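Structure first, then comments.
The values are calculated or read from the model by the stated rules, or taken from the named source; none is laboratory data. If you're wondering where the values come from, they're calculated on a predicted model, not measured in any experiment. Heads up, the Cβs are rebuilt from the backbone with ideal geometry, glycines too, and the neighbour counts pull from every protein chain shown. We work out accessible area using only protein heavy atoms, side chains counted, and drop any ligands, DNA or RNA first. Shrake-Rupley method; radii C 1.70, N 1.55, O 1.52, S 1.80 Å.
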Amino acid sequence: MFSGSALVASILPVLYVGGLLVVGFAVSLLLRRIQRIAAFRQLHPWIPVLHIAVWGPILLVLEGRVVPDVDGPRALGRSIGLVILALAALPWLRSVFHGLVFALELRYRIGDDLQVGTVKGRVIAVGVRALTLRAPDGTDACVPYERMATETVLRLNLEAHDAPCELELEVPADVSPARAVELARQASALSRFASPRCAPEVFLGPRNGRVTELVLRIRGYLFDREHEERYRSDVVERLHSAFAAERARATATSAATTATTVASTLPG
């Protein structure tokens, strides 16, 4: 039968370890909430460092209770288990280490547009071991820092978030190439999603190698990559209306010319 002091002595270590874990998880949850608040944007790159600053001392304290003594009766079995656990955790630890390095360098921030390998999107969360990228279609992808350290990372946005967008459209046969280029430049510049800082570029190119069939290659610039599909749709709609108006104008001019010719040939 346990005495009161023995019961307290057996409960205190459990409460001590449990209290440390509760504090660690509570701070981690708080940091996760902070990393989703725009007002704390300046703090976001340092969140991985804060996670490590919280869990580092906790793990050091727990290590004294979990790691066995070298001369203990079950030291060998526990040591083998700890070695297996450490080996299994190596990829995770490598990602945490790279995240710490990236945080100290202030390399990536929430709102940056990145491409890591084939994954492209905007940084919406900075975690301890991975970044979360949101693609233009709304899907989220977690990219471990270890992968970002081994693959090429492209920064897709400038400081002002201007981003290029390219389209290839057919030149109507009844619209002159020079007029088609002018209309395409106007449509891509007047879109409500176009960047006011960068002028669009329009090029003519042959379709399937035939110069009698031309295509327009438009390189416009968005004020924010998030609106890329809206920009494409807006430019296509504007250009379609412009081509339709140009054809109507050409038809009206041709009809007026024909009427004038016929009237001039009639006897007085």
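Values for this structure:
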quantity: Estimated inter-spin distance, residue 233 and residue 168, nm [label 7 Å along Cα→Cβ]; calculated: 2.4 nm
quantity: Residues with amide H under 5 Å from that of residue 127, placed H, sequence gap 5 or more; calculated: 132
quantity: Estimated inter-spin distance, residue 253 and residue 137, nm [label 7 Å along Cα→Cβ]; calculated: 4.4 nm
quantity: Accessible area (Å², 1.4 Å probe, nearest 10) - residue 50; calculated: 60 Å²
quantity: Two-decimal log10 I(q)/I(0) for the range 183-251, as the Debye equation yields it once each C-alpha is a single scatterer, q = 0.17, 0.26, 0.28, 0.29 Å⁻¹; calculated: -0.67, -1.10, -1.17, -1.20
